[in-house]
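Notes to accompany the following structure.
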Amino acid sequence: MQKLYFILRKFCPLQLLFLLTVFLSSTFSHAATVNLPVATAHTVYGFKESGPFYNIDLFVKWENDPDVTNAGVYAGNMFYFQNGVGGYFGTQKDKNAKKAIFSIWDAGTTVSTAIPNGTDACVRFGHEGSGTSCIIPYNWIAGREYRLRIWMLNRVNNATAWGGWIQDTTTGIETMIDTILLKDSSGYQGYGSLSASGISFTEHYGIGSLSCSALPQAKITWRGPYANMNGTKIGATSSSAIANFNTPECTNSTESSTGAPYVTHEVGGTTVRSIANNTALWSLSTTVFSQTITFGTAPTLTVGGAGSVSATATSGLAVSYSSLTPSVCSVSGSTVTGLIAGTCTVAANQAGNAGYSAAAQVTQSIQVMQPQSGGLTQTIGAMSFSPSTLSVGGTSVVSATATSGLPVVFSSMTSSICTVTPSQNSLFSPVIYTVTGVSTGICRIAANQAGGTVLLGGTFSAAPQTTQSITVGSNQYDCIFNWAETNFPQYFSPANSTTANYAPYQYRYYAGTGNYLAISSADMNVWVLGPSFGSSLLNVGTVTNFLTAAGCPG
């Protein structure tokens, strides 16, 4: 491991040089000793951003389910804190079980500073360093990708709680491994934040006196790592990955990459090394994600009339609109105006930013109709919702009246947030339009009346489309607000403040401290603002992690 030690010294303090040897200790469900040589693969990551970070994610996929009759296989990731101390999380398989692990070392040799803070899954260890290790049975499935996550949580007396999670990205089910309390050290609250480096590794343990060729053959693919993100939104991404192999060791281990942010480790069995030590697998000045655009329901449009278009980008960035048929229709912002009868084609674009590449243009076709000859004009009044609030899984009936008296038709312009379903109690009863909350966010409803003849009232042209929004909220949000008020009254008081809306945020303002606590439906993050936090919105974590910390229903 000597060469790896020099790389570790480049990226982290000297006291971490012993970390890789500890991975194979019996304290962490490994064998008590390691008989070199072994087949190992390590990838040293660096971030372009300097940090510090409150979160790191790394995705792992076991490409095969190795035979571990004679030795176990461990796929994990090392992380480091500002005070120089480190830890790791990962997945394992040995003859006893498949597992998920989250562990952190003590900040010194004489005082216990990494303390179990959750269930019996966490225990203290005390050789080759000391600290706390949390291990749970976890039946990972080969071929599936899993997200490994570490996240800074709340303060507890003179310590900071950190949590470790694993999520099955196929089912979306996230499991907390456990939490560890880190006592204040070296002038930091806890251990400080996470540093801008890390090492993914694939190793054998419990090998006894096995020969190199007898070591189980395993293939692991990694994606990431990422920092300060919620799994879908970009915060910071690794900008380099360097392959590294222990010396002395078996040579039946290798690494490869199909391009950032992927790295594949192969160890044991008939593996043949195909890359030199300290080879850069990839190095980027910046890493960007792709995005796509989806249109909502098209408006009804007549010559001289106007309607609104709506489209959303998976990045959450704002979409711009333009007319590809300027002789038929014009576009200003999201408002489309019919000029002549024909097919109006509206284009939606999103140019991207430092984290997202430009989206492919998408279009929507709208038929511009001639108003009925001699038709009377009509308008649609304001919509009402009963009840006036809407939550995920909940319903509200929308209604509005046209001045013509003709029935109004409603549709959702944000189908990922809400849906609209028409129904009738009988053939001759009015149609009822029920809005159902699908996910948290701003639900936009369009109202249209296509025109027609009213008995003894004349013939009416189509009414201009109207739109109205309703926020789809979550009882989970109030649970988070209430938990924060109970646990952090120095920031959020008085308790039970009123929840308000300011798209895309639901928030509470605390007159006693002047602070705001908000949840954004756009990125599903929790944000704070005010004298205690600064004059700019500060992201303090994901809704998912706060729900877990607060014990709120998922």
Taking the stretch 125-146 and the residues there that are touching a Ser or Thr at 6+ places or on another chain (Cβ under 6 Å) and surrounded by fewer than 19 Cβ atoms within 10 Å (Cβ to Cβ), the one that is farthest from T91 (Cα to Cα) would be E128
Inside the stretch 500-515, can you point out the residues that are closer than 23 Å to M152 by Cα and surrounded by fewer than 20 Cβ atoms within 10 Å (Cβ to Cβ)?
Y505
Checking G76 against (1) surrounded by fewer than 21 Cβ atoms within 10 Å (Cβ to Cβ); (2) part of a strand (DSSP E or B), only one condition comes out false. Which one?
(1)
Test: residue in the stretch 454-465 that is free of Cβ contacts under 8 Å to residues at least 12 places away in the same chain and either crowded, with 21+ Cβ neighbours inside 10 Å or within 23 Å of Q378 (Cβ to Cβ) (or both)
yes
Check whether at least one residue in the stretch 271-282 is among the hydroxyl-bearing types (S, T, Y) and in contact with a Gly (Cβ under 9 Å, 6 or more places away or on another chain), and report yes or no.
no
Residues S497, S493, S521: which one is outside the structural domain of S416 (by TED's automatic domain parsing) and surrounded by fewer than 17 Cβ atoms within 10 Å (Cβ to Cβ)?
S493
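Every residue, every condition in (1) more than 27 Å from the chain's Cα centre (by Cα); (2) without any contact (Cβ under 8 Å) to a residue 60 or more places away in the chain, yes or no:
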| site | (1), (2) |
| --- | --- |
| D106 | yes, yes |
| R124 | yes, yes |
| C134 | no, yes |
| G164 | no, no |
Let me spell it out: the conditions are (1) over 15 Å from I199 (Cα atoms); (2) surrounded by fewer than 24 Cβ atoms within 10 Å (Cβ to Cβ), and T91 meets all of them except one. Which number is the exception?
(1)
List the strands (runs of 3 or more DSSP E) inside the stretch 359-475, counting only whole elements, that have at least 3 residues being closer than 30 Å to M524 by Cβ, outside the structural domain of S521 (by TED's automatic domain parsing) and hydroxyl-bearing (S, T, Y).
432-437, 466-473
Just to be sure before I move on: is S112 assigned by TED's automatic domain parsing to the domain that holds N64, surrounded by 19 or more Cβ atoms within 10 Å (Cβ to Cβ) and in contact (Cβ under 8 Å) with a residue 12 or more places away in the chain in the structure I sent?
no
Exactly one of these conditions fails for G208: (1) in contact with a strand residue (DSSP E or B) (Cβ under 8 Å, 6 or more places away or on another chain); (2) in contact (Cβ under 8 Å) with a residue 12 or more places away in the chain. Give me its number.
(1)
Within the stretch 189-220, residues crowded, with 24+ Cβ neighbours inside 10 Å and among the charged types (D, E, K, R) come out as E203
Lone qualifier among D178, D184 - being among the charged types (D, E, K, R), touching a residue at least 40 places away in the same chain (Cβ under 8 Å), over 15 Å from F79 (Cα atoms) and buried (at least 17 other Cβ atoms within 10 Å of the Cβ):
D178
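The values are calculated or read from the model by the stated rules, or taken from the named source; none is laboratory data. Remember, it's a predicted structure, so these values are computed and weren't measured experimentally. All Cβ positions, even for glycine, are placed from backbone atoms using ideal geometry, and neighbour counts span all protein chains on display.
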